[in-house]
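Worksheet: the structure to be examined is printed underneath.
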Amino acid sequence: QVQFVESGGGLVQSGGSLRLACAVSGRRFSNYAVGWYRQAPGKQRELVAVMTSDLSTNYADSVKGRFTISRDNAKNTVFLQMNNLKPEDTAVYYCNVAPWGSNSWGQGTQVTVSS
């Protein structure tokens, strides 16, 4: 079964940066589109960044120009570079296959942006 382990979250001031990482195991990683999702308190989980198997990317309008997704297929790892963070980016961030996710979700990593 595929497993996702997210890391890199933390507390940062508005305008700051964080780099998230996600280690993926149990699946032939390079064949799949992967994405970063986030869930804020009281809100539904949303997909914010996607990278396909051919390295095309797509971003939610709310993060476009600030977030960058990348992947290292050799290390089965997905990254999310987040710049110019805003308080509304506060959420638990998860990675998973895209665009629909799977039955297996990691514990996520908390990102908190203070104003």
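The values are calculated or read from the model by the stated rules, or taken from the named source; none is laboratory data. Since the model is a prediction, treat every value here as computed from it, not as a measurement. Cβ atoms come from the backbone with ideal geometry, glycine included; neighbour counts cover every protein chain shown. The area values use the complete protein model at the heavy-atom level, side chains included, leaving out ligands, DNA and RNA. Shrake-Rupley method; radii C 1.70, N 1.55, O 1.52, S 1.80 Å.
Being farther than 19 Å from Gly10 by Cβ and of a type in the set (A, V, I, L, M, F, W, C) holds for only one residue in Met82, Met51, and it is Met51.
Only one entry of Asn58, Asn31, Asn73 meets the criterion of being touching a Phe, Trp or Tyr at 6+ places or on another chain (Cβ under 7 Å) and of a type in the set (S, T, N, Q), and that entry is Asn73.
Every residue, every condition in (1) in contact (Cβ under 8 Å) with a residue 12 or more places away in the chain; (2) of a type in the set (Ser, Thr, Tyr); (3) within 15 Å of Arg19 (Cβ to Cβ); (4) surrounded by 15 or more Cβ atoms within 10 Å (Cβ to Cβ), yes or no:
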position: Ala49; (1), (2), (3), (4): yes, no, yes, yes
position: Ser62; (1), (2), (3), (4): yes, yes, no, no
position: Leu80; (1), (2), (3), (4): yes, no, yes, yes
position: Pro99; (1), (2), (3), (4): yes, no, no, no
position: Ser102; (1), (2), (3), (4): yes, yes, no, no
position: Val113; (1), (2), (3), (4): yes, no, yes, yes
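Among the residues of region 21-28, is there at least one that is open to solvent by less than 40 Å² (accessible area, probe 1.4 Å), in contact (Cβ under 8 Å) with a residue 60 or more places away in the chain and not in a strand (DSSP E or B)?
The answer is no; no qualifying residue exists.
Taking region 38-101 as the region of interest, the strands (runs of 3 or more DSSP E) fully inside it that hold 1 or more residues being among the aliphatic types (A, V, I, L, M) are 46-51, 67-72, 77-82, 91-97.
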